[in-house]
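Notes follow once the structure below has been shown.
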Amino acid sequence: MMPTGWCPGTRTVTAMLGTYPGTSCVRVFFGPGDGLPAAAWTDPRQRLAQAPADADVIVSHKDPEVDAAAFVVAWQATGRTGRLILVPHHEPEQQTGGDPAPAAFRTSWTRTRKQVGDHPARLDGRLRLAVCWTLQWVRRVDSAGRRVNDWRTWWPEHEADAVDLVLADWYPYDPTARNPFRPATYEEPASALAIMVELSRATGKPWGIAEINHPRITTAGGYPADLDADGSRCAAWYRRMHAWAKANGCQVWSHYHRDEGDLTERKTEQQALRELIAAEAAAPRRLAPALETLRAELTRRWPGAGRTVADSAHHADHRPNARGTIDALDVDVTGVDTAALLAAFQRHPSAAYWIHAGATADADDGWTRRPYAGADPGKDRLHLGIRPTDAAERDQRPWGLAEEAGSDATRFLALLKDPAVALQLRALPWQYVGGGIPKGMSTLGVLNEIVQTVRVIGETVARQAADPAPVRAALARLPEPRPADGAPAGLPRDPGEVEALADAVAARMLAALPAHASGVSGEELTAALRAALRAALRAAPADLAARPIG
């Protein structure tokens, strides 16, 4: 789901909802001198109070000295389940209407971060802090095609960790047109929105559209031709833009329903926007396949009615993303071994974080347990979230909660303790030929060359030193180079002995596999291990003595 809606312009939100049922995003702007009034959430005459409780609300303001903390507290008190996306200093690059200088802009961001950066709702993902620029300004180029404006001027780099989202306002711009702001054609989405993907990658933040509008291309609108008198081309353009944005990571989409963007009399485009909003409201909502696998294992391991909940309002991850996928699951832990569940969860590559009973941990933080002050699921519920990527969502590898998981782990640990297997594992670091190792060499070969080079350099230094004895004493302590090729002393050299060792390791590995394993060919595994162990023995260091087999 990509929350989709509008900025109401001069109209009331209530009236707009009658035209666009199912709206999942509303953008409200507070201009210079308006501040950020907390009462706007409860005053029924205000647009914020009229917005649907489950819709995302993008709130932009222009004033530096606002009480963001009181505003967020008032929002939270309403019990709304949609996200609040707060934009300090809407379009600061415009430098009109009291916009701040860059230094003041950065100071204001620090103020905002101190006020609400650690707010529990931000930890939940329900409060998002965002920057918002006008893409016409960011995309502006000179006659040579070089950009003349730098978005970094208005990027709070010193508070980058507090920025959750990069938003932009999109309006027509084509530097090759006679009037760049009135081009003769509707720009293709891939070209029009490529800058947003670029900005997202440069900042490391997801992106969204806070305002978008395109007038019909007619001479009455100041364009060079009557290309689209009935608005059908514009309506088709809106649909293409929306689809491309959703497919390329856009988090939220808001049409600027004001001035040239007022679609009240533009019925063709109005119908297109109505359909886009309705389609997002009705978008299929499904649990990520990775979490479906986890849910099935949970049910088998700890049966119980209502054990898991996918649809919940307490955290943003329970809302479908642009792919219609839910990336979080709540678990009723009554009768569940929570420690075992968390241990299994943290081992899976898709796992991102968990929240439980006043504590939370994050995969990117090494699963360090920390206090949690957000919308706590409660001591009897565990919130599990996965990474919001397509690969993580589709990863259906087991989570390790099945009944036989413990015996499998025991067998695998026993395998690792096997002397024949351990011998080969000890040799692997010396055989490494990956990144940073010169082509054609192993780790052992590189170390040998280093030792030999140090000896040559050391002897040269000793010959020139007033007292060569300490230098030569240090050289004497260097290890002797070890053969990197050929079987070292103590390990089998005869091909028959190598095959016997390989067969023994293969037999132990096959014995360690769980009885229910399928698709495992003993012959193929033995052949593969023979080849791998022959290569390992050729490169193993000299001090790895052969161990008895059996």
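Details
- Long-range amide H partners of T360 with built H, under 5 Å: R370, Y372
- Centre separation in Å (Cα based) which lies between region 142-175 and region 304-341: 37
- Spin-label pair E157/D34, simplified geometry with 7 Å Cα→Cβ offset, distance in nm: 3.2
- HN-Hα J in Hz across region 260-272 - Karplus 6.51, -1.76, 1.60, θ = phi - 60°, x for Gly and Pro: 5, x, 5, 9, 4, 9, 9, 5, 5, 5, 4, 5, 4
- Of interest is the spacing of the C-alpha centroids, which for region 73-97 and region 5-29 amounts to 16 Å.
- Amide hydrogen neighbours beyond the local backbone of Q251, cut-off 5 Å, H modeled: W207, G208, I209
- Label-to-label distance, nm, for residues given as V141 and A282 (7 Å Cα→Cβ offset): 4.1
- Overall, the accessible surface of region 208-313 at a probe of 1.4 angstrom is composed of carbon and sulfur to the extent of 52 percent.
- Calculated P(r) tail over 21 Å for region 1-113, as whole % of Cα pairs: 37
- Evaluating 6.51 cos²θ - 1.76 cosθ + 1.60 at θ = phi - 60° for every residue in region 213-219, the Karplus couplings come out as 6, 9, x, 5, 7, 9, 5 Hz, glycine and proline recorded as x.
The values are calculated or read from the model by the stated rules, or taken from the named source; none is laboratory data. These numbers come from a predicted model, not from an experiment. Cβ sites come from the backbone with ideal geometry, for glycine too, and all protein chains shown count toward neighbours. The protein model used for the area step is the full one, side chains on, heavy atoms only, and it has no ligands, DNA or RNA in it. Shrake-Rupley method; radii C 1.70, N 1.55, O 1.52, S 1.80 Å.
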